[in-house]
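Have a look at the structure below before the remarks.
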Amino acid sequence: MTPSINDSRRKFIRNSGMATLGFMGLYQFMNPGLSHAKPGLKPAMGYGPLKKDPAGILNLPEGFTYKIISNKGDKMADGLYLPGLADGMGAFQGKNGRTIVVRNHEISPDSLEHSGFGANNELIGTLPAAEFYDFGKGILPSLGGTTTFVYNEHSGELEHQYLSLAGTIRNCAGGITPWGSWLTCEESTLRKGEYDGKLEKDHGYVFEVPAQETIHRAVPKPITAMGRFNHEAVAVDPASGVVYLTEDRGDGIFYRYVPNSPGNLHQGGKLQALAILGEKSRDTRNWEDSEGPVFPMMKGHKVRWIDLENVTSPDDDLRFQGFEKGAAVFARGEGIWWGDKEVYFACTNGGKIGAGQVFRYTPSEFEGRPEEQNAPGELSLFAEPNDREILKNCDNLAVAPWGDVILCEDHKHPFLVGITPEGALYHLAENVGYASELAGGVFSPSGKTYFVNIQGPGITVAITGPWKS
C-alpha cells in the first residue's frame, strides 16, 4: 500500500527530528519576526562603526577579525584546483568542533579561467564522465557545481576541500535541508545542443549534495519536479518539508514545492506559484512604472498557491504561465532563508529606485495541505529603504543566531548589511579590497564564525568576533 502524503509527512518529521534540532539550534534564540526597516543606518544597533583594515580588504567593527581561508586555484584534497566565482554556501555540523561548508560556483562552460580542472581543463580526465551532469562530450564540460570544505573552529584552519558536484552551470545559491544536505541551484536555462552542439543536457535545475567531511561526489541527478527555470535559492520548512524557491528574473515569481514524501525530494511533488488572495497577477516590485498600486510596507497579504504544469518546459516560461494564472511578480528573487516560523527572501532590484527589497512569508499552520484554504499563509514587505547608502542590491541572506537578517550586497562596493528584529539597519562589513560582490554569507552551526565569499578574486573569508548571543 502506498503511504499517504500525511503519513509521509509524519515519518519525515519523526526521522528528521534530530537533524531538525541541529538545524534549528542555531536559531533557538530568534525572535519570531522582523519589523520593517526604518530609515537610516543605526550603527549602535549593530557593532559600532567599521574600522579601517590595515590590509585594505575588509573593514569590520572593533573586536572583529577576518581570515582568508581559501583562494581560487588552491590545490584541493582530491587533486583538483579550487574553482572560482564562489557564491551561495550552507554550513553543517561536523565532528569534534568541525564545520562542513558546501559552496557553490557560478561558472559557465567556457569560463576556463575559473575551472577547477586547470586553465585548459587538463585534469578533466581525472573524473569519470558519469560523475558529471553534463560532460559536454568531453570537449566543453559544464564547469559549475559545488566544493565542500571542512573548517576547524578550534584551530581556525581549513583542513581540506574537494569537488562535491560536477557538470552543472552557474550554481548561484541554494539552501540547507534539515536532513543534512545542500540544495544547489542552476541560474541558467541553457539547452541541450547549445555551445555549438556541445551541451548534452538541458539546464535550469536543483541538485542535492550531501554534506560530508570525507571526499564524496554527489550523484548529479536533477530534481526535475522542482521545475526548470532560472533558479536562485531555496529554503526548507523543517516542520512540513515544503521547499520555497526564488527566481532570478526581473519578472520572476515565487515558488513552493510540496513533496509527495517530505525529505525525499526526488520522489516527486507539486510545484506551485504564490498569488495574493483576491488580487490577480499582483506586481510587488514598486518600480515607478509598475502597474497597479504600491505594495505596502508591513501589511500582511493572505496568499493562495497556483498549480503549475509542464514544469520542465524547454521554453523557460514557467513565470509566464504562473503570471497568466494570477501569480504575483517579483524583481529578481535571490537569497532566501528559513527563520523561526517564517521565510525571508531578497529581491535584488525591487523598490522605487531598484535598490532592493526584503519580503517575509509566514506559512499557514496547514501549509501544503487542503486545510490551508481556511487559514492561508501571509506575505509582507518589511524592508525597502530606497536609499543606496543604506542598502543596495541585496543578494544572499542568512538569519543570524541572535535573530538579525544579514544581507550580502551584489555591487562593486558592497557591504554586509544587518537588519535587527526591531527593524534598524547597520553595516557589518565593507569590502574595500576588491570591486566585487560579497556572496554566500553563512554562520557556522556554533554561531562563532561567519563565512563569506568575495566572488571576483575567488576568496573565502572566515569572520570572528564578539557576536551577540
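The values are calculated or read from the model by the stated rules, or taken from the named source; none is laboratory data. What you see is a predicted model; the values in this text were computed from it and never measured. A quick note on method: Cβ atoms are made from the backbone with ideal geometry, for glycine too, and the neighbour counts reach across all protein chains shown. Surface accessibility is based on the protein's heavy atoms, side chains included, excluding ligands, DNA and RNA. Shrake-Rupley method; radii C 1.70, N 1.55, O 1.52, S 1.80 Å.
Here are the numbers for this structure:
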item: Potential extension, Tyr195-Lys448 segment - 0.36 nm per residue separation minus Cα distance; result: 86.7 nm
item: Packing-based order for 48-55, 387-394, using average beta carbon neighbours within 10 Å, highest first; result: 387-394, 48-55
item: 16 Å tail of the calculated P(r), region 300-407, as % of Cα pairs; result: 65 percent
item: Packing-based ranking, highest mean first, of 455-462, 365-372 given that Cβ atoms within 10 Å are counted; result: 455-462, 365-372
item: Radius ratio Rg over Rh of the chain, counting only Cα atoms, Kirkwood formula for Rh; result: 0.94
item: Mean separation of Cα contacts under 8 Å, 6 or more apart, over the residue count of the chain: relative contact order %; result: 19 percent
item: Cβ-placed point charges (K, R +1; D, E -1), dipole of region 116-179 about Cα centre in debye, nearest 20; result: 320 debye
item: Length gained when the stretch Thr312-Glu62 is fully extended (0.36 nm per residue, less Cα-Cα span); result: 85.0 nm
item: Cα centre as origin, Lys/Arg/Asp/Glu Cβ charges: region 155-246 dipole, Debye; result: 380 debye
item: Percent accessible area from carbon and sulfur atoms, the chain, protein chains only, probe 1.4 Å; result: 51 percent
item: Accessible area expressed per residue, region 363-450, with surrounding protein chains retained (probe 1.4 Å, Å²); result: 30 Å²
item: Sequence ranges 340-346, 88-94, ranked by mean other-Cβ count within 10 angstrom, highest first; result: 88-94, 340-346
item: Whole-angstrom gap from region 428-469 to region 189-209, using each part's C-alpha centre; result: 31 Å
item: Radius, Kirkwood style, for region 183-282 when every pair of distinct Cα atoms is counted (Å); result: 15.0 Å
item: Relative compactness, region 227-311, computed as alpha-carbon Rg over 2.2 N^0.38 Å; result: 1.20
item: Cα-only Debye scattering, region 341-394: base-10 log of I(q)/I(0) at q = 0.13, 0.29 Å⁻¹; result: -0.41, -1.00
item: Across Lys72/Lys221; Lys52/Lys412; Lys137/Lys201; Lys302/Lys325; Lys299/Lys468, pairs whose alpha-carbon gap is larger than 20 Å; result: Lys72/Lys221; Lys299/Lys468
item: Added length on full extension, which subtracts the Cα-Cα distance from 0.36 nm per residue, Lys341 to Ala55; result: 98.9 nm
